[in-house]
Amino acid sequence: MIVKEKIFRNIGLTCFGKGLRKYCENEIKYVKENNNFPIKYKNVLIIGCSTGYGLSSRVVTSFGMNANTLGVSFEREPSENKLGTLGYYNNKVLEEHAKKDNLYFETINGDAFSNEVKNKVVDIIKRYMGKIDLVIYSIASPKRIDPITKEVYVSSLKPVLKKHSTLDINQKTNKLEIKEFEIATDKEINDTVKVMGGEDFKLWMQILKDNDCLNNNVRALAYSYIGPKLTYPIYRTGTIGIAKQDLENSIKDIDNLLKDIDGKSYVSVNKAIVTRASSVIPGFSLYISLLNKVEKKHGFFEDSIKQMVRLFSAKLPNEITDQNGRLRLDDIEMLPIIQKEVTELWDNLNEGDYFDLSDYNKQYSNIHGFGYDDIDYLKDVDPRDY
Ligand code: NAD
């Protein structure tokens, strides 16, 4: 089959196995070259391990710390005539390298919100791994099925305080347009909290604790985002921001749960990067483009793997937090000089202007395995190849 890059409504519909190999191998190479992790965790569980921040966390812990890793992700396997989803190939490439390096590496493909997957994880930990030293929660999902009631909750990306309009890019024409968003209903707010809030993270930690799967001194991490005032209406004070606040609030309960084993949990507030999850947030492709441009100008640019290397080499081992106990990997993004320049660029944009999205698009292509100069994308490939 000839695999072409297809994107519909900011969502990549196809991916390219050999390109994903390159993406993963670049991350592994970077970690091996920057292997300076003062605390090396032995047994690590990564929930949401196959793309974005979860993938990079797994690369750091596997190939930077030589940890045994168990990952959970929700990906589709390829068949003879159908592509899989990108995280499937990422998992496979990492597995191949882990085997070469003699590392324990297991992945469960299934719904992390379900009791079945949680029980499977407990079973694998007990049988093959021994107690977990680090739990990473990196799920980004549009929906959640409640494990008990089976009710389906769907998250939304909407403002809460008042109607909001934002500049965004029309991906077909590359022209800027204004998009308007109605205030979320109470149900939409509650549903988003159900999907992206702290409930599932707490359920995970509870089941792991109840089954004696957590080691003394265990660390548990979940990822969040705050961002600048510019994006507050759609993010921090919007439905997703309320859910993220709920996730941040869950840390207190998890800390209580882990007290008797000297465990500690953290939220790490990461910077905005190009991922499948961030690409569907209104205005974010524009914001991230400007942010990256300014960060690159100042020599500060970090992608997913650089963020995760900084998290595990500096922020987490030194437990450097803000006054709310959060690790802040968005410290560079939020520097006044960076935000001042991003805001100035944003303020000079007008509806109808052409916007050069090539840098953002290149990164988006890369995370789907496209856009690598030395790959022949016109060649016939087996969808199972990577
Ligand atoms: P992503 O879309 O790249 O990755 C999401 C992961 O979750 C994938 O591994 C996917 O398989 C997994 N997943 C989704 N639903 C699942 C389910 N039901 N069961 C099992 N696995 C499931 O997302 P990302 O951007 O890396 O986001 C990860 C976390 O980082 C999120 O909490 C997000 O809010 C946070 N974060 C992202 C950014 C950003 O700019 N991308 C910034 C700060 C924080």
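Where the alpha-carbon atoms of the range 307-382 are placed on the principal axes, they occupy 54, 39, 17 Å, in descending order. The three principal axes of the C-alpha atoms in the range 87-217 carry coordinate ranges of 53, 36, 28 Å, sorted with the longest axis first.
Evaluated with a Cβ-only charge set (Lys, Arg +1; Asp, Glu -1), the range 100-181 carries a dipole of roughly 220 debye about its Cα centre, given to the nearest 20. Residue by residue, the range 337-352 carries 3J(HN,Hα) couplings of 5, 5, 5, 4, 6, 4, 5, 4, 4, 4, 5, 8, 8, 10, 3, x Hz when phi is fed to the Karplus relation 6.51 cos²θ - 1.76 cosθ + 1.60 (θ = phi - 60°); x denotes Gly or Pro.
One compactness figure for the range 61-138 is 1.15, namely its Cα radius of gyration divided by 2.2 N^0.38 Å.
Among beta bridges identified by DSSP and lying wholly in the chain, the antiparallel ones come to about 35 percent. I'd like to know which of 130, 41, 71 lies farthest towards the positive end of the charge dipole of the chain, counting +1 on Cβ of Lys and Arg and -1 on Cβ of Asp and Glu. Result: 130, furthest along the dipole toward the positive end. For the range 328-386 and the range 50-128, write down the distance between their C-alpha centroids in whole Å. The distance from the Cα centre of the range 328-386 to that of the range 50-128 comes to 26 Å.
Above 18 Å, the calculated P(r) of the range 24-65 contains 21 percent of its Cα-Cα pairs. Between the range 257-279 and the range 185-217, what is the C-alpha centre distance in whole Å? Using only Cα atoms to place each centre, the spacing works out to 12 Å.
Computed over the range 1-152, the percent of Cα pairs more than 21 Å apart is 47.
Length, then width, then depth: along the principal axes, the Cα atoms of the range 157-230 run 54, 28, 24 Å. Computed from the Kirkwood radius of its Cα pairs, the Stokes-Einstein diffusion coefficient for the chain at 37 °C and 0.692 mPa s stands at 153 µm²/s. A cut-off of 5 Å between modelled amide H atoms, ignoring neighbours fewer than 5 places along the same chain, links residue 222 with 137, 266, 267, 268. When the convex hull of its Cα atoms is viewed from all sides, the range 228-386 shows a mean projected area of 13.5 nm².
Take the Cα of residue 183, step 7 Å along the line toward its Cβ, and report every residue of the range 220-247 whose backbone nitrogen sits under 19 Å from that point. Flagged as within label range: 232-243. Annotation: Cα Rg of the range 1-72 relative to the compact-globule expectation 2.2 N^0.38 Å equals 1.31. Equivalent-ellipsoid semi-axes for the range 249-327 (Cα gyration tensor, √(5λ), whole Å, largest first): 30, 16, 10. Pair-distance distribution of the range 167-305: all C-alpha pairs, bin width 10 Å, starting at 0; shares per bin in whole percent are 10, 33, 30, 19, 7, 1.
The numbers here are math on the coordinates, done by the rules we state, and not lab data. Computed from a prediction, not measured in an experiment: that's the story for all the values here. Glycine also receives a Cβ, built like all others from the backbone with ideal geometry; neighbour counts cover every protein chain displayed.
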